[in-house]
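Enquirer: Structure in structure tokens, see below.
The values are calculated or read from the model by the stated rules, or taken from the named source; none is laboratory data. This one's a predicted model, so the numbers in the text were calculated from it and none came from an experiment. Neighbour counts run over all protein chains shown; Cβ positions are idealised from the backbone, glycine included. SASA here: full protein model, heavy atoms, side chains in, ligands and nucleic acids out. Shrake-Rupley method; radii C 1.70, N 1.55, O 1.52, S 1.80 Å.
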Amino acid sequence: MEHTVPEHTVPEHIATDRVIIAGGGPTGLWVELRLAGTPVTVLEARHERDPHSKALTLHPRTLEVLAFRGVAEPFLAEGRRIPSGHFGGLDDRMDFAVLDTPYPFTLALPQARTEELLEAHAVAAGADLRRGHRVTGLTQDADGVSVEATGPDGPYTLRAAYVVGCDGTRSTVREAAGIAFPGTDATTWGWLGDVVLDDPPKGAVYAASGPAGGVMAVPMPGGLHRIVGGDPDSNGPDHPGELTLDALRAKVTRIAGTDFGMRDPSWLSRFGNATRQAAAYRQGRVLLAGDAAHMHYPAGGVGLNVGVQDATNLGWKLAATVAGTAPGALLDSYHAERHPVGADLLLSTRAQTALMNAQSPEGQDLRTLLSQLVATVPAFSRSLAERLSALAVTYPPTPPGHPLTGHRAPNLELAGSPDLFTALRPGRYVLLDFTGTPAPVSGPGVVPHTAPRPADRPAWSTVRAALIRPDGHVAWASDEQDAGALEAEIRTAVSATTGLGVDAP
Ligand SMILES: Cc1cc2nc3c(=O)[nH]c(=O)nc-3n(C[C@H](O)[C@H](O)[C@H](O)COP(=O)(O)OP(=O)(O)OC[C@H]3O[C@@H](n4cnc5c(N)ncnc54)[C@H](O)[C@@H]3O)c2cc1C
């Protein structure tokens, strides 16, 4: 007679196929382990979500990865679409409408609402979210990780196969794992106020800058405006102290010539430009993602976006590893692929911080020059926009292969499915066949699709078959013309890449 043990009867301290996420911020809520049925427990220290929204901006690549899971719609329905983005608060904005994506805009949506929507998705997908549970330490051994936490009933230990530290810049997980966080301390402090404006500026986004500093004003839901900026008075290593409404009024008036009739702040805050990056994104059974892995000035509105994209890169790899189907170094590729993206994020935010603090006459001229380039050289503007929006992220191909390997796949048209992004929803590899006579290749880890030749995309026009990873990047591609040779290549690629083998014809 067969016995099955219901999952809830397995004592918590010995359940080793579980993954623990420390931190239920945007990054932790989007680690997509549920794709492969992996049990996930999210331990979140806060009893209630922070009502104040640091982030207000979602970028195109984030909307794309939400679309891969079929959950982009509520974000799109509620957010305000702005067909441009700023770099370092330059007066002229980058045109996002030219970007090759179904979402050619920045989406203004407060972080608190973004988290609410991500949480609904995580819980619906089966995540065990525990609020009021703080991770306090961990130890790892050959078989798993023991995570120490404190919850409403006191301290306890949970056993897991892996733990992902998504617990923000002061990450307990990072510290407990002994992962270094090198970088630089704050030298300047930005300020923000979520306020009512009796005399608001016109337009979707207001920006002004000059020798007295820079300020932006962005409408928020609930009749509020986010006033955010920086000025030379806020430079120095020490936190300048609590921001008052009067101080904010004075700063904005000095820069913009008016305080826009600001009153009734719901939040006043300052933030520094300390810039650090974890030396390793993986150490054994411990992984880091989001602000736990990278810390920087919030220039360009990208931190949350990069965290969600870290989680997208990690989730399917970790799920395959826990399921025992991941080929060799798949989990190590998380650090190899995402650490350079984090380094580029630090470079971009540092460069933008320099621009935002360029109040000298020379600095003002640099701003003017770059702003003119953004306005008059479309290729310059587009390149900056593709970097900021993460559409340009390419992973190093291992081993080197077709020129498309590692690139983000655009939303290609398919036969029998609306498009590639829809075909990615099950969270499996998608095998694209552009020959018109699909090779008889399938397997448990891959969904085959035929697709019309993408003649309008030069980089794709000679491709005969391609394998797309669950995170939408090209795992393998081939221009092979001979049908038999192509089929053999596909079999080898599918088998080696997915680690799941292929079915016999
Ligand atoms: C002023 C400002 C404006 C910004 N604007 C933007 C923007 O427009 N767009 C953008 O993309 N980014 C923006 N950012 C950055 C963005 O807010 C962060 O990058 C984002 O919150 C990172 O998400 P996260 O989940 O990695 O970390 P966090 O949001 O810090 O979440 C970490 C979570 O872990 C929990 N936690 C901490 N320690 C523990 C523990 N020991 N145990 C359990 N739980 C723990 C915390 O309570 C928290 O819920 C802005 C930041 C600031 C300061």
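Enquirer: Go over the candidates THR325, THR349 one by one and state the one that is within 29 Å of PRO237 (Cβ to Cβ) and either crowded, with 23+ Cβ neighbours inside 10 Å or in contact (Cβ under 8 Å) with a residue 60 or more places away in the chain (or both).
Expert: Sole residue among the options that is within 29 Å of PRO237 (Cβ to Cβ) and either crowded, with 23+ Cβ neighbours inside 10 Å or in contact (Cβ under 8 Å) with a residue 60 or more places away in the chain (or both): THR349.
Enquirer: On to the next question. Do you know which residues across the range 26-37 are farther than 14 Å from VAL163 by Cβ, buried (at least 24 other Cβ atoms within 10 Å of the Cβ) and either modelled with pLDDT of 95 or more or more than 15 Å from the ligand (Cβ to nearest atom) (or both)?
Expert: PRO26, LEU29, TRP30
Enquirer: Which one is nearest to ALA177 (Cα to Cα), of the residues in the range 263-287 that are more than 20 Å from the chain's Cα centre (by Cα) and basic (Lys, Arg)?
Expert: ARG285
Enquirer: I'd like the full set of residues that are part of a loop (DSSP other than H, G, I, E, B) and either hydrophobic (A, V, I, L, M, F, W, C) or modelled with pLDDT of 95 or more (or both), limited to the range 382-398.
Expert: Selection gives SER389, ALA390, LEU391, ALA392, VAL393, THR394, TYR395.
Enquirer: Same structure again: Quick test for you: out of LEU318, LEU366, LEU330, LEU373, pick the one residue that is of a type outside the set (S, T, N, Q) and surrounded by 21 or more Cβ atoms within 10 Å (Cβ to Cβ).
Expert: Answer to the selection: LEU318.
Enquirer: Among the residues of the range 319-326, is any within 16 Å of the ligand (Cβ to nearest atom) and assigned to a helix (DSSP H, G or I)?
Expert: no
Enquirer: Looking at this structure, is ASP167 more than 24 Å from the chain's Cα centre (by Cα) and open to solvent by 20 Å² or more (accessible area, probe 1.4 Å)?
Expert: no
Enquirer: Mind telling me which of the residues ARG282, ARG276 ends up being among the basic types (Lys, Arg), within 16 Å of the ligand (Cβ to nearest atom) and either open to solvent by 20 Å² or more (accessible area, probe 1.4 Å) or more than 30 Å from ALA160 (Cα to Cα) (or both)?
Expert: Criteria check complete, one pass: ARG276.
Enquirer: May I ask you to verify whether HIS296 is within 16 Å of the ligand (Cβ to nearest atom) and within 18 Å of the chain's Cα centre (by Cα)?
Expert: yes
Enquirer: Where the second residue is within 9 Å of the ligand (Cβ to nearest atom) and among the polar types (S, T, N, Q) and the first is within 13 Å of TRP267 (Cα to Cα) and open to solvent by 60 Å² or more (accessible area, probe 1.4 Å) and lies in the range 45-56, which pairs have Cβ atoms under 6 Å and are six or more apart or on separate chains?
Expert: LYS54/GLN111
A quick yes/no check of all residues on (1) of a type in the set (A, V, I, L, M); (2) touching a Lys or Arg at 6+ places or on another chain (Cβ under 8 Å); (3) surrounded by 15 or more Cβ atoms within 10 Å (Cβ to Cβ); (4) more than 29 Å from PRO83 (Cα to Cα):
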site	(1), (2), (3), (4)
PRO396	no, no, no, yes
HIS402	no, no, yes, yes
ALA409	yes, no, yes, no
ARG425	no, yes, yes, no
PHE434	no, yes, yes, yes
PRO440	no, no, no, yes
ALA459	yes, no, no, no
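Enquirer: Residues that are under 28 Å from PRO426 (Cβ atoms): which strands (runs of 3 or more DSSP E) entirely in the range 28-136 hold 2 or more of them?
Expert: In the range 28-136, the matching strands (runs of 3 or more DSSP E) lie at 40-44, 128-131.
Enquirer: Related question: Considering only residues that are in contact (Cβ under 8 Å) with a residue 12 or more places away in the chain and not in a strand (DSSP E or B), which ones fall in the range 149-166?
Expert: PRO152, ALA161, CYS166
Enquirer: Let me ask another. In this structure, is ALA379 assigned to a helix (DSSP H, G or I) and exposed (fewer than 13 other Cβ atoms within 10 Å of the Cβ)?
Expert: Answer is yes for this residue.
Enquirer: I'm trying to understand the selection: among the residues of the range 150-174, which are more than 19 Å from ALA289 (Cα to Cα) and within 11 Å of the ligand (Cβ to nearest atom)?
Expert: THR150, GLY151
Enquirer: Counting just the residues of the range 167-206 that are among the aliphatic types (A, V, I, L, M), out of contact with any His (no Cβ under 7 Å at 6 or more places or on another chain) and not in a loop (DSSP other than H, G, I, E, B), which one comes out farthest from SER84 (Cα to Cα)?
Expert: Step by step, filter the range 167-206, then rank; the result is ALA176.
Enquirer: Please specify each residue of the range 57-81 satisfying the condition of being among the acidic types (Asp, Glu), within 16 Å of the ligand (Cβ to nearest atom) and either open to solvent by 10 Å² or more (accessible area, probe 1.4 Å) or in contact with a Leu (Cβ under 7 Å, 6 or more places away or on another chain) (or both).
Expert: Within the range 57-81, GLU78 is the sole residue that qualifies.
Enquirer: Quick one: in the range 82-102, which of the residues that are among the β-branched types (Val, Ile, Thr) and either open to solvent by 40 Å² or more (accessible area, probe 1.4 Å) or more than 14 Å from the ligand (Cβ to nearest atom) (or both) is nearest to SER209 (Cα to Cα)?
Expert: Applying the filter and picking the extreme gives VAL98.
Enquirer: Ok, one more. Any idea how many residues of the range 226-249 are within 14 Å of the ligand (Cβ to nearest atom), surrounded by 14 or more Cβ atoms within 10 Å (Cβ to Cβ) and under 30 Å from the mean Cα position of the chain (by Cα)?
Expert: Residues meeting the conditions: 7.
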